[in-house]
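Structure first, then comments.
Please treat every number below as a calculation from the coordinates, not as lab data. As the structure is a prediction and not an experimental result, all values here were calculated from the model.
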Amino acid sequence: MIKIMTDLSADLTKEVAQSLDIAVLPFYINYGDESILADLDYTPDMFYEKFKSTDEMPATSQATPGLLEDMYRELGKENEIIQITIPANSSGIVNTALNISSRLNEEEGFDITVIDSSMYSWGTGVNVVEAAKMAKDGKSKDEILAFLKERFEKDKVYFIVDDLKYLQKGGRIKATTMVVSKVLDIKPILWSNDGMVEAFDKVKGLKRAISKIVDVVAEKMEDPQDGTVYVLSADAQDKAGLTAEMIRNKINPKEIVIGKVGPIITCHAGVGVFGIYFKHK
């Protein structure tokens, strides 16, 4: 059988992961001297409250190699494993996974394939779910890998950041850019571009920024009448709701799903970040 595996950055809920038998590798979230091993029991809402209640800037770190190898050994006893990871540009877990899986494959006959998703949050999670459904339906490993390759090459995730101070504190944006953006009410639109979080555009004002990403959906979405747009936010339900409304009014896709950004992205972008993912042409 084929076992689908991912990590906490995919933002799957515990219920979804359990229903599709998806294994999820935890991450460490660090607040100064305090370190939390965050798994599916550490919900986005729990993280938002912790984030807002402390002045400490949180950081993330990968699970230990030993923990990952233990998961491989347990899952790989009777299964082929496809592991879909956070991009290598954001975490060392990808190289760790490649090294451990290569050794187990060569020396002990395991069958583990590691796939860099090149995306974040639901951009990864939606396709992890689809891969798990394919596995349950008896699709071959090659069919699942071909599906993932196409999606990860074509698709992007777009985020609007509420406050640049978190990116600035984490060294992901220049301080001068932060000052100018704050004074002029510039809203940076970020995207996942081949695994890198980059500036897609900078727009003045929240509604104009939302309008910009709605235009992107209208231009790039594959088959809106039969497709789904995922609107995700970190404790920014009002902005997610406005985004969903504007998408519905302009594009009217078959379905709009509103969900939550989990701890990994929120650590670096801050509470208030929100964005979209959809299947690209």
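The table below gives the values:
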quantity: Selected from T64, T13, T96 as most flexible by GNM, with the chain as the system and alpha-carbon contacts under 10 Å; calculated: T64
quantity: Structure-derived semi-axes √(5λ) of the Cα gyration tensor in Å: which label, when the choices are [x] 45, 22, 16; [y] 31, 23, 16; [z] 29, 27, 19; calculated: [y]
quantity: Estimated [θ] at 222 nm from DSSP helical runs (n ≥ 4, -39500 (n - 2.57)) normalised by residues in the chain, nearest 500; calculated: -13000 deg cm²/dmol
quantity: Of K14/K136; K187/K279; K133/K279, pairs whose Cα-Cα distance is over 21 Å; calculated: K187/K279
quantity: Residue with peak Gaussian network fluctuation, the chain [Cα springs, cutoff 10 Å], from A38, A240, A146; calculated: A146
quantity: J(HN,Hα) series, segment 261-271, from Karplus relation 6.51 cos²θ - 1.76 cosθ + 1.60, nearest Hz, glycine and proline x; calculated: 7, x, x, 5, 5, 5, 3, 9, 9, x, 4
quantity: Candidates V257, V161, V197: whichever shows maximal mean-square fluctuation once the chain is modelled as a Gaussian network with Cα springs under 10 Å; calculated: V257
quantity: Restraint check, K52/K212; K149/K260; K3/K212, Cα-Cα greater than 31 Å; calculated: K3/K212
